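Notes follow the structure.
Computed from the coordinates by the stated procedures, all read-outs in this text should not be read as laboratory data. Quick caveat, the model's predicted, so the values are computed rather than measured. So basically every Cβ, Gly included, is an ideal-geometry build from the backbone, and we count neighbours across all protein chains shown.
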Amino acid sequence: MATATILSGVNKSRTLRYKHNAAVAVNDVIVGNGHVLVALGDYAANAEGVYAFRSRASFPKEAALAVTAGDKMYWVAAAGNANKTAAGNTLMGIAVEDAAAADTTVTVELMENK
């Protein structure tokens, strides 16, 4: 499973309690109820856990994709990475820093879909 690194500190993140249908490890990225969530602990399948839904975080990025701060970013669950393609993917937030095509990660302000 793809993972993300929370950069703003858990105390500055917004979280929710959620039961995911598969086991997850800390920092695993999932899509729950149409939102990109980051696990803040290790949780068994169908066990309630705490997930960040709003936070600054570093996510794996699609290879060879250049990102400009302010670009809308989408989570590609099948590939386990972030890109800029809306079709078939889940909106996750906006890039808060540029990322060159050679970079493997992108920093995103993760936010819930409204």
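What is the diffusion coefficient of the chain in µm²/s, taking the Kirkwood radius over Cα pairs and the Stokes-Einstein relation at 10 °C with a viscosity of 1.306 mPa s?
Calculated translational D: 115 µm²/s.
Run the simple label-point estimate for Lys12 and Ala69 please: 7 Å along Cα→C-beta, distance reported in nm.
Simple spin-label model gives 1.4 nm for this pair.
Express in nm, to one decimal, how much length is gained between Asp42 and Ala87 on full extension, taking 0.36 nm for each residue of separation and deducting their alpha carbon distance.
Between Asp42 and Ala87, full extension yields an extra 13.1 nm.
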